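Asks: Take a look at the following structure, please.
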Amino acid sequence: MLFGKRDKEYIVLVANRLAIAGLASMALSMCGAILLISDLVFDSPAPAVTGAGSALLFFWLWFLRPMRRRLRLEDEPDTRAPS
């Protein structure tokens, strides 16, 4: 609907923010499921360790690595030809 109105930059910005919020919600849900299952399977304190470990893994894979790449790309000079 809005692509015809030449509002692509806004659409991409909002879609990016919603995707980040969705990833955060999914990571939280997955960590909760891992914590629940590990609480049923393991003795105490193993569930806390597996829950925290999965939270750190998701944070590193889904947030830290992309942010590091983004910062690295912003530091590099733009070598594309002007259009």
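The values are calculated or read from the model by the stated rules, or taken from the named source; none is laboratory data. Note that the structure is a prediction, hence the values are computed from the model and not measured. Note that each Cβ is placed from the backbone with ideal geometry, even for glycine, and that neighbours are counted across all protein chains shown.
Asks: Would you check if Ser54 is out of contact with any strand residue (DSSP E or B) (no Cβ under 9 Å at 6 or more places or on another chain), part of a helix (DSSP H, G or I) and not charged (D, E, K, R)?
Replies: So Ser54 fits the description; yes.
Asks: Consider Met26 carefully, then state whether it is in contact (Cβ under 8 Å) with a residue 12 or more places away in the chain, part of a helix (DSSP H, G or I) and either loosely packed, with under 11 Cβ neighbours inside 10 Å or among the aliphatic types (A, V, I, L, M) (or both).
Replies: no
Asks: Under the condition of being among the hydroxyl-bearing types (Ser, Thr, Tyr) and farther than 18 Å from Pro66 by Cβ, which residue from the stretch 14-53 is modelled with the lowest pLDDT?
Replies: Ser44
Asks: Any idea which of Arg80, Arg72 is free of Cβ contacts under 8 Å to residues at least 60 places away in the same chain, in a helix (DSSP H, G or I) and among the basic types (Lys, Arg)?
Replies: Unique residue meeting the criteria: Arg72.
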